[in-house]
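Written below as structure tokens is the structure these notes are about.
Computed from the coordinates by the stated procedures, all read-outs in this text should not be read as laboratory data. Worth saying up front: this structure is predicted, and the values here are computed from it rather than measured. So basically every Cβ, Gly included, is an ideal-geometry build from the backbone, and we count neighbours across all protein chains shown.
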Amino acid sequence: MDAATVPSADPIQRYSFPAADCSRIPYGMYRDADIYALEQERIFRGPVWNYLALECELPNPGDFRVVAVGDTPVIVNRARDGNVHAMVNRCAHRGAIVQRAIHGNVRKHVCCYHQWSYELTGKLTGIPFRRGVEGVGGLPADFDMAEHGLQKLRVEVLCGVIFGSFSPEACPLEDFLDAPFVAQIRRLFHKPPVVLGYQRQRVFGNWKLYTDNLRDPNHGGLLHMFQITFGIARLSGRGGATLDRDGKHNMSWAAQGARPEGETPQADAGYGDTGRGDMDIRLRDPSMLRYHKEYPDDLSLTVASIFPNCAFQQIGNTLAVRQIRTKSADEFEIVSTYFGYDDDDAAMRRHRLRKANLAGPAGLVSMEDGEAVELVHRAILRDLDEHSVVEFGGRGPVTDQPNLVTDVPMRGFWITYCRLMGIHAGPANA
Amino acid sequence: MSNLLPLELHMQMTLLFEEYARLLDEDRLEEWTDLFTEECLYEIVSRENVQQNLPLSLMLCDNKNMIRDRISALRQANIYNIHTDCHVIGPIRGTVGEAGYEASAAYSLFQSTQEGETRLFSVGRYHALVIERGGLLRFVRQRVIVDTGAILTLLATPI
């Protein structure tokens, strides 16, 4: 049999990771529907914590939002006991979506199909005509309602940020996040947040091309020309990448700020003949670019990507959590929750809303990401055992990076990904 | 119904929206900018946020310079999917309001690739405030409420 035309029954045997440091990633990982299905079990429902929502979105008992873990719809709500609960939004009876609204306030969740109703803890409490009519019909007498609740997720909350896990094996949330990312969440949520709104983006590419993008600080100063042009973050400026102990999370950071008004841009030799290092373009209204320092440190740009499904973004004063919701091997959604702080004055509120122009699907800094992901996804359709090259910042160990000219954090993601998927990375006989 | 625009004004309003759509579709974005007054608001916001009284937009320009900056960024800095826009604007409902003429209309926006593949990119509704300036109707406010809140790929060119 020709191995090139008959794919292995086990999808992870179809592709090779020739380097143990994941400096080569086979294209098939981004296109194979069987790999995608396996990821739902081993990554999103694996021993990890997925971002679900913010507590401030659920201030009152009965408040709920429907989110997703991978492609599984999940209800996250606050119950009468004051605690946050999360459960799969799928009726234990015939599998229908129970809660059809994407947000709201309810006393209980009722499936419209046969009116089975669930408490906010996920417990099944009501089945119409359970005993039939005059003792005829209905469910068998030994039907145990306690065994037919909504499938529950474990929930942990850190500083008002709600995470959920399908896995009893997931370690405690703070161990999973590790110190730098616990610190970053504490930094961004050091006082009560208030949600300013949502943005959604559908990208027709594999979700891991986006998590790669989040772990590739090197592209920022090359693809996102707006931020180079207006001096928000240049590759030659002060910045870097901070990782957790496994290297699965990444925080790309920069402490640069926009070019002061009136200052002429300096030619930057690193950009070579790309024409991108010394552009002299000015905004007529640069007020949006100002960063009003609001943390004790001088970080003006931080994007903390948590394995597997979210990123906490600070672009100047624009704050948001991005949740990745997978749709298929070829499509994902980014749902961003933008927030400010409860004590923002009107001027700061307005500044955050204006500065939001930099981020999201229409972001002056970020719009290119959607295009870049789709360009790769389209081009790798064939040659699925060819490989992406990941060597900026060097090969070998995955560690903190002292500048932005690196994609080492990408390798960190893939090393953990391979471990959870059961993929052996490295020479076949090693 | 008595505050509906008189027919002559209604026709001018229709022509304004026709010009608005045509300038966008023909990639004459700088000329499109001229349809706004200096003090103006151009905003694209999702129905999801509007319904929840949440202020966040997808695109927000609260003066004409910010619109100019958007366009110059598109021309000089941003990289986005190469496409042609086709706006189809439905009948306009125009009324005489206190601050000017108010106009609203549904739109469909189709995007086509270089290879001639077309997708329905966005639908929604315009909510405009228009005044007369030097004999011409100009936008003081153009608020685009998109039903297609899940932006397909990315949103670069104005709606």
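In the range B:1-128, the C-alpha radius of gyration followed by the widest Cα-Cα span (Dmax) gives 15.8, 49 angstrom. Rg/Rh for the range B:71-159 stands at 1.04; both radii use Cα atoms, and Rh follows the Kirkwood definition. Here the Debye sum runs over all C-alpha atoms of the range A:50-157 as equal scatterers in vacuum, and log10 of I(q)/I(0) at q = 0.23 Å⁻¹ comes out as -1.24. Taking each of A:LYS208/A:LYS293; A:LYS208/A:LYS355; A:LYS191/A:LYS293; A:LYS293/B:LYS64; A:LYS152/A:LYS191 in turn, the alpha-carbon distance tops 21 angstrom for A:LYS208/A:LYS293; A:LYS208/A:LYS355; A:LYS293/B:LYS64; A:LYS152/A:LYS191. In chain B, the longest principal axis of the Cα atoms and the axis of helix B:7-25 are about 10 degrees apart.
In plain terms, the bigger the Kirkwood radius, the slower the diffusion; for the range A:284-399, with that radius from Cα pairs, at 25 °C and 0.890 mPa s, Stokes-Einstein puts D at 146 µm²/s.
Taken over the range A:147-204, the percentage of Cα pairs per 5 Å bin, counting from 0 up to the bin with the maximum distance, is 4, 13, 19, 16, 17, 17, 10, 3, 0. Cysteine residues of chain A whose C-beta has no other cysteine C-beta under 4.7 angstrom: A:CYS22, A:CYS56, A:CYS112, A:CYS159, A:CYS171, A:CYS310, A:CYS418. The translational diffusion coefficient of the range B:22-96, from Stokes-Einstein at 25 °C and 0.890 mPa s with a Kirkwood hydrodynamic radius over alpha carbon pairs, comes to 170 µm²/s. Taking one equal scatterer on every alpha-carbon of the range A:154-261, how large is log10 of I(q)/I(0) by Debye at q = 0.18 1/Å? The Cα Debye sum returns log10 ratios of -1.23. Mind jotting down the distance between the C-alpha centroids of the range B:106-144 and the range A:166-194, whole Å? A separation of 43 Å, based on Cα centres. Exposure proxy shown here: for B:ASP25, A:ASP21, the number of other Cβ atoms within 10 Å sets the order, fewest to most, as B:ASP25, A:ASP21.
The protection proxy used here, the mean number of other Cβ atoms lying within 10 Å of each residue, ranks peptides A:238-244, A:282-288, A:168-174 as follows, highest first: A:238-244, A:282-288, A:168-174. The calculated pair-distance distribution of the protein assembly as shown uses every alpha carbon pair, bins of 10 angstrom beginning at 0, and gives 3, 16, 25, 25, 18, 9, 3, 1, 0 percent.
Contact order normalised by length for chain A, with contacts defined as Cα pairs under 8 Å and 6 or more residues apart; what percent is it?
Details: 903 pairs, mean separation 96.8, N = 430.
In percent, rounded to a whole number, it is 23.
With one equal scatterer per alpha carbon and no solvent term, the Debye-computed log10 I(q)/I(0) for the range A:179-421 at 0.15, 0.16 1/Å reads -1.10, -1.26. Note on the range A:1-82: along the principal axes its Cα atoms extend 61, 27, 18 Å, ordered by decreasing extent.
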